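Here's the structure, in structure tokens; my notes come after.
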Amino acid sequence: MSPNALEAIQLSKSYNVDSRQITVLDRVSLTVPIGSFVVIEGKSGSGKSTLLSLLSGLDKPDSGKIRLCGTDITDLSEDELAPFRNRTIGYVFQSFHLVPSLTAFENIAFPAELNRDPQAAVKAKELLHRVDLSKRMNNFPHQLSGGEKQRIAICRALINSPQIIFADEPTGNLDSANGEIIMQLLLELRQELMTTLVLATHSREISSKADAIARLVDGRIATSSEKVNL
Amino acid sequence: MLHLRFILRQIAGSRNQAIIFVFCVALSLLILTALGGFSGSVRRSMLQDARQLHGADITIHSHYPFSEPLLKAIHDYEQQGIVQGALVNEFYSMARNPQSEKSILSDLKVVAKGYPFYGKVRLLSGREFSKVLSKGSIIVDQVLLDRLQAHIGNTLQIGSTLLTIVDVVTLEPDRPVSFFSFGPRIFIAAEDLERLDLIKKGSRIQFKYLLKVHDPALVDRLGEEFSAMTVPPQENVKTFKNADSRIKRFFENFLFFLSLIGMFTLVLAGIGIQTSLYAMLRESDYTIAIMKSVGATNRFITLHFMAMVMVLGTCGTLLGLILSSLLQLYFPTLFASILPANVTLTISWNVVFEGLVLGTIVVALFSFLPLLRIKNFKPAFIFRKEIEKSGGGILHYSAISIIILFFIGLVIWQLEDVKIGLYFILGLCTLIGLTALITEGLMLFMKKNTARSLVLRQSFRGLFRPGNATRAIIITLSASLAVIFSIYLIDHNLRATFIEAYPANLPNAYFLDIQPEQKTEFSTILGREAEFYPIVRARLASINNKPINRTQEREKRGDNMAREFNLTYRDFLLKDEQMLEGENLFGNRINALYSRGEVPVSVLDTVAENGDIKVGDLLIFKVLGLPLTARVTSIRTRTESKVRPFFYFVFQEKSLKDAPQTIFSSVRIDGEQLAIIQNTLAARLPNISVIDIGSTVEILAGMMHKMSSIIQFFTSFSIIAGLLIIISSIFATRMTRIREAVYFKILGAQSSFVVKVFTYENLIIALSSALLANLISHIGSWLVCRQLFNITYQPLLGSTAIMTAGVIVLVITVGLGASVSILRQKPIAYLRNERQD
């Protein structure tokens, strides 16, 4: 079995805007070892989120290959990717993306229920307890604060014990105090579950806690630390 | 200054909702102009030209030969050249073709020279009616020729004489529709009346004196003068201005019912207008917030969106008018066989104008609340994409009050009757309130539902998505389906009772006008046992000395106490009768009654209820102008509502035996035998009329079915309104649905999961609507069948299941069709947009 949680080879992605082609990622290669915490760093518009969406299988590259936890996901269809995402990947977004019609508890349990996990409810309650939101389990997203929403989103990302978590600016919508708490929580839970974490941010403070950093500049990886192979 | 490009871009940006809005406006215009056009055409063609429909300026009706003073007055005026008169006699009799040995009950009209004073009797040959109809000749309906296998030139035996067919009638001005008749028309010249030898004692003949008044200004005065000379209540004077024919009443009732449906659809279209406009504005939330944040005033923004509503309203209006014109082309097919031949279906400019005004008001009223939302909209939406709950405030409640008042006014104006209008509003409120109440209960159940299946749970949750018009959809669909299905159930139950399961033991042939002295010969011809009922024709003059108000009674939509009744005498109950009040038919104090000059009478409960008659009440009848004072000694009821003879008023034999009477008989005979008997009777006892109840009921059922189809056709517009609200609701929640679908997919759900969630959601809506509609329609139809028609109620489970399945398929198809673009949405595209925001 490969020691790498993620291998990306020569990924390119461009968009057409008003018949102009804009290259967002240009032949990016990346390898992330199992259990590591890797930060993709870059300024706004550098292509961080696009890279994260390609690596996590939410989007398709124009060229290149992606192996995620031993599976080549490059050519998988949307419906083949869905169950794979459910079992293997956890997501944490800047805008939380909680399902508005579901309570905090239901939002957390949802991926486990999709996976037909009979322990879904038990796990969701444990996670709620772990993030100190048991009292808010029956609240809907609009009844929660930003920090609470993100804690729920982290629980949701972790409920299926994914092998890898992708986090896109998880503290971007939070004040610094809440941002600090969320990062602390995310890192603790990753540690507990021995999960790989790939996080996109422009915060140097968060980057400083990472095992490795890949810095994106104009769609290319400019520099990287030792654990990330270019 | 209005920015036209902004308005057009807003429309283009929310084109789906704009299309729904346009369709809803078009639907309201369509229903207003189509129904208005139809009603207008019918009224114009057959109701407005009252003189033609009346055939004269003044008509005097009687079921007996006219009284001497009245005849003298008419003759005096005729001699003075003030009026011109023509006698017309109408009655049913058998017509027999000696060549084919076939006979048929026919509707005879014996007319004197001058008939008709207004309008023209059209003949197939194109010749003048007055020149063709002469002594010894007859003009007949084509149906009669077909049924008797006769041709022009053949002779028919009518009564005691033979008359030659000389032409075929295609249109009678004073009988625009023929479906009220038991038999085909035969015109006979007045000179042949005596030779027919059909006018016997007590025969049901209608005597009509048509009068043309040369000076139109004298019509009312002469009408009043003749009225004063009549023998009330048997003689009845009507001028063309105050005449109220059966046909007119039928069409007034029918149009009235269609108006009710029109109003119902208009309300639903209004809800559709409101929902779609809410959806459009919701799509423009961000734009409105930005405009406000950069300093645009409420007035500026509202004006632009009002202009947008006006542009779309105009498009909807034009579309509605085009669709309405196209629908008119289908009307002749739809209304075939019930519309008079002379009716031309056209939409008049008046109707178009009326539709435009009403349509504009409906659009304005239902657009007001969504537009009011702009005023309350906070620019902070840019930062927090949450909408503060709108509503409340004087303007909001004033708008709702104006909408309610407008509809009350519109209903009363359209129905032309304040009391009925208010009843309709009450009924509509009850229907909608009942569905709303049950829907609320269902919604509460669904909200608390924690189904084990994840898909099902998500579907239930989806119903409560902000902006979802779940309640409005269920209420709209179930209320309209309840109306359509109730009509279907009642129609089919009536058919099932009276036609498909016509009981083998019930009489299927009625024999009218048997003279007492013909009873033996009639029994011999019949060759079997028959039931005989003596009939004395009379009118009710007063109840407890309170005279019957004939004008008021004739205006009643149902049966009225002013008409002529068939009295009978016997001292036993019929098989299907039982006592409701009183120990026996005539009580125990008969002698005391007779000593006071009163006679005992037993009354059927239906007429007792209609006339508010109770045991002990005093009824005064007029038999040939002579009073008959009767005391109500009992009330009877019927145990079944089959086609079996029944009588409202039953007397003792000694009370009526000396009155002019005929005998009525009913018997069960198979088809072939009946034809032979009909023929023999036509030859030997030609004054006896035979009604083949089996085929008559079938014709009536056909008519009933046709009318229920027309009502269902117009009610189906309300279903369209319901479907438009579904589509609009899906579009209104498009962004939320996309977000849900994307989140589901990101978290690992396959497309099939999302499809299932949306399908189940629509399934729940369809099932709730169908079940609710079934519940209401079954309870309503059961009440109508049991209480009104007194027939056994069949729930028609097969049809119920088909309707439920139909609704499910329709709602799911429409729901999924409107969700295709949502289902196709790629997660990354949504996330990218979110990031850009």
For peptide B:449-460, the mean count of other chain Cβ atoms within 10 Å per residue Cβ is 2
For the protein assembly as shown, what is the charge dipole size about the Cα centre, in debye to the nearest 20, if Lys and Arg each add +1 at the Cβ and Asp and Glu each add -1 at the Cβ? 2120
Which value in nm describes the separation of the simple spin-label points at A:Val17 and B:Ser695, placed 7 Å from the Cα toward the beta carbon? 8.3
Give me the inter-chain shielding for B:365-374: mean count of other chain Cβ atoms within 10 Å, whole number please. 0
Taking each residue in A:46-56, count the Cβ atoms of any other chain within 10 Å of its Cβ, then average. What number comes out? 1
Using 0.36 nm per residue, how much length does the chain from B:Ser595 to B:Ala451 gain when fully extended, once their Cα-Cα distance is taken away? 43.9 nm
Cα gyration tensor, the stretch B:529-668 - rounded (a/c under 1.5), prolate or oblate: rounded
How high is the relative contact order of the stretch B:529-668, in percent, with contacts defined as C-alpha pairs under 8 Å that are six or more residues apart? 37
Relative contact order, percent, chain B [alpha-carbon distance under 8 Å, six or more residues apart]: 18
Packing-wise, with mean Cβ within 10 Å as the measure, how do B:117-124, B:15-22, B:755-762 rank, highest first? B:15-22, B:755-762, B:117-124
Listed highest first by mean packing, meaning other Cβ atoms within 10 Å per residue, what order do A:161-167, A:130-136, B:162-168 come in? A:161-167, B:162-168, A:130-136
Number of Lys-Lys pairs in the stretch B:84-214 under 28 Å by Cα, sequence gap 8 or more or different chains? 27
I want to make sure I understand the PRE zone here: with the label point 7 angstrom from the Cα of A:Ser145 toward its beta carbon, which residues in the stretch A:68-94 have backbone N atoms less than 15 Å away? none
How would you rank B:Thr287, B:Thr639, B:Thr497, B:Thr450, going from fewest to most other Cβ atoms within 10 Å of each one's own Cβ? B:Thr450, B:Thr639, B:Thr287, B:Thr497
Straight-line reach only, C-alpha to C-alpha below 24 angstrom: list the lysines that A:Lys48 could link to, leaving out same-chain residues fewer than 8 apart. A:Lys13, A:Lys60, A:Lys65, A:Lys149, A:Lys209, A:Lys227, B:Lys745, B:Lys826
Pop a pseudo-label 7 angstrom from the Cα along the beta-carbon direction at both B:Leu624 and B:Glu564 and give the gap in nm to one decimal. 1.3
Net lengthening on full extension, B:Arg550/B:Leu334 (0.36 nm per residue, minus Cα-Cα): 74.2 nm
What number in nm² do you get for chain B if you take the convex hull of its Cα atoms and divide its surface by four? 43.2
Using label points projected 7 Å from each Cα along Cα→Cβ, tell me how many nm separate B:Gln794 and B:Tyr286, to one decimal. 5.9
Straight-line reach only, C-alpha to C-alpha below 27 angstrom: list the lysines that B:Lys419 could link to, leaving out same-chain residues fewer than 8 apart. B:Lys238, B:Lys241, B:Lys248, B:Lys546, B:Lys556, B:Lys614
Gyration tensor on Cα atoms of the protein assembly as shown, a ≥ b ≥ c root eigenvalues, a/c under 1.5 rounded, else prolate if a/b beats b/c, else oblate, says prolate
What is the extension gain from B:Asp612 to B:Lys654, computed as 0.36 nm multiplied by their sequence separation minus the C-alpha to C-alpha distance, in nm to one decimal? 12.5 nm
Which residue, chosen from B:Ile186, B:Gly409, B:Ile738, occupies the Cα position most advanced towards the positive end of the dipole of the protein assembly as shown, where the dipole is computed from +1 (Lys, Arg) and -1 (Asp, Glu) charges on Cβ about the Cα centre? B:Ile738
Using +1 on the beta carbon of Lys and Arg, -1 on that of Asp and Glu, and nothing else charged, what's the dipole of the stretch B:84-214 about the Cα centre, debye to 20? 220
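Every read-out reported here was derived from the displayed coordinates using simple, explicitly stated rules and does not represent laboratory data. Owing to the predicted nature of the structure, the values given are computational and were not obtained by experimental measurement. With ideal geometry, Cβ positions are generated from the backbone for all residues, glycine too; neighbour counts draw on all protein chains shown.
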